[in-house]
Amino acid sequence: MEHSHKHSRGHSRQHSHTDEHTHHEHGHTHEYQHNTHGKTQQKILCIRPQSGLSGDMLLCGLASLLELSQEQLNSHIKTLNFPQLEDRVRIEDRFVNGIRGKSAHITLEHEHANRTLADIKKIIEKSGMHENAKDLAVKTFTLLAEAEGNVHGKEADAVTFHEVGALDSILDICLVCALYTELAPDNFICGPLPLADGTIHCMHGLIPSPAPAVLALLQGAAVCPFAGKGETVTPTAIALLKTLEAHFENWASMRMEKTVLVYGGKIFENAPNGSIFALGTSL
């Protein structure tokens, strides 16, 4: 598994109502609230990736903000029409230095399949995912194929995925796109991505951190130094941030509704651990 690791201001005459609105970019529907001045309140998703970000961390954060039951999470996974992935994900409490957070526990058998972009597109198209989620997933994998092609001097269609083509990455990307479509934020903000020196073990052997595919995807992203060593941000995470059009900014001005601390699979010594996922509405 790749890793890097709850009202509006009181007013005696204030009222609210909801309007169904179609989000033109991602095609999902959601509700807006209006205040007394007729100003639209937007739903804001904010991620502060203090110790990094990965596909399973995004999965965990979105599922936690949506407060999905295990049954609801399993239902999402079943829409992928991939029996090997069913009932394999649990969102669990995890304690790091005595601080409780959430973590995605994923149990999948290791496989040695090498899939091309065309192979993965077929898997996505055959799934029962919402069409908008399918589009997001295909775009994410295309970005990854382009990055890998850049690294290895190949066209995107000629790239054979290894780690990214494995079942866990297909699960991460498809489920993140499905959950993001369900959450339907109007604005997605992410803090600077922490980068660290060190080495990473992969199928090509030992490679420097940040990984070449990460470097190929970082254009336009805000980054900052990190006290730990090794991989902090994965290619899957960056490709998802780009696909979902995250804005790299400071904390949003918003009325906080939900927060969750998410831990990745890697815990760093002598460095802050966990990334914060927050959901709120514009002021």
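Determine which single condition residue 116 fails, assuming it passes every other condition in (1) surrounded by 15 or more Cβ atoms within 10 Å (Cβ to Cβ); (2) among the hydroxyl-bearing types (Ser, Thr, Tyr); (3) under 25 Å from residue 266 (Cβ atoms).
(3)
Under the condition of being acidic (Asp, Glu) and closer than 14 Å to residue 58 by Cβ, which residue from the range 170-218 is surrounded by the fewest Cβ atoms within 10 Å (Cβ to Cβ)?
182
Within the range 193-215, does at least one residue satisfy the condition of being within 16 Å of the chain's Cα centre (by Cα) and either part of a loop (DSSP other than H, G, I, E, B) or among the basic types (Lys, Arg) (or both)?
Filtering the range 193-215 down to residues within 16 Å of the chain's Cα centre (by Cα) leaves 193-194, 214.
Next, only the ones that are either part of a loop (DSSP other than H, G, I, E, B) or among the basic types (Lys, Arg) (or both) stay: none.
Looking for residues that are within 16 Å of the chain's Cα centre (by Cα) and either part of a loop (DSSP other than H, G, I, E, B) or among the basic types (Lys, Arg) (or both), one finds none in the range 193-215, hence no.
When you go through 269, 245 one by one, which is the residue that is surrounded by fewer than 21 Cβ atoms within 10 Å (Cβ to Cβ), among the acidic types (Asp, Glu) and modelled with pLDDT under 95? Outline the logic, then answer.
Numbers: 245 fails: modelled with pLDDT under 95.
Just a single option satisfies the conditions, and that option is 269.
Taking only pairs six or more apart or across chains, which ones have beta-carbon atoms under 8 Å, a first residue in the range 131-144 that is of a type in the set (Lys, Arg), and a second residue that is in a helix (DSSP H, G or I)?
Matching pairs, first to second residue: 134/124; 134/125; 134/177; 139/243.
In the range 219-252, what residues are of a type outside the set (Phe, Trp, Tyr), closer than 26 Å to residue 281 by Cβ and out of contact with any helix residue (DSSP H, G or I) (no Cβ under 7 Å at 6 or more places or on another chain)?
If the condition is that a residue be of a type outside the set (Phe, Trp, Tyr), closer than 26 Å to residue 281 by Cβ and out of contact with any helix residue (DSSP H, G or I) (no Cβ under 7 Å at 6 or more places or on another chain), then 222, 241, 245, 246, 247, 249, 250, 252 are the ones that fit.
What are the residues in the range 234-280 that are β-branched (Val, Ile, Thr) and either in a loop (DSSP other than H, G, I, E, B) or in contact with a Ser or Thr (Cβ under 8 Å, 6 or more places away or on another chain) (or both), if any? Please lay out each step first, then the result.
Filtering the range 234-280 for residues β-branched (Val, Ile, Thr) gives 234, 236, 238, 243, 259-260, 262, 267, 276.
234, 236, 243, 260, 262, 267, 276 - these are the residues of the range 234-280 that are β-branched (Val, Ile, Thr) and either in a loop (DSSP other than H, G, I, E, B) or in contact with a Ser or Thr (Cβ under 8 Å, 6 or more places away or on another chain) (or both).
The values are calculated or read from the model by the stated rules, or taken from the named source; none is laboratory data. Fair warning: this is a prediction, and the values are worked out from it, not measured in the lab. Glycine gets a Cβ as well: all are built from the backbone with ideal geometry, and neighbour counts include every protein chain shown.
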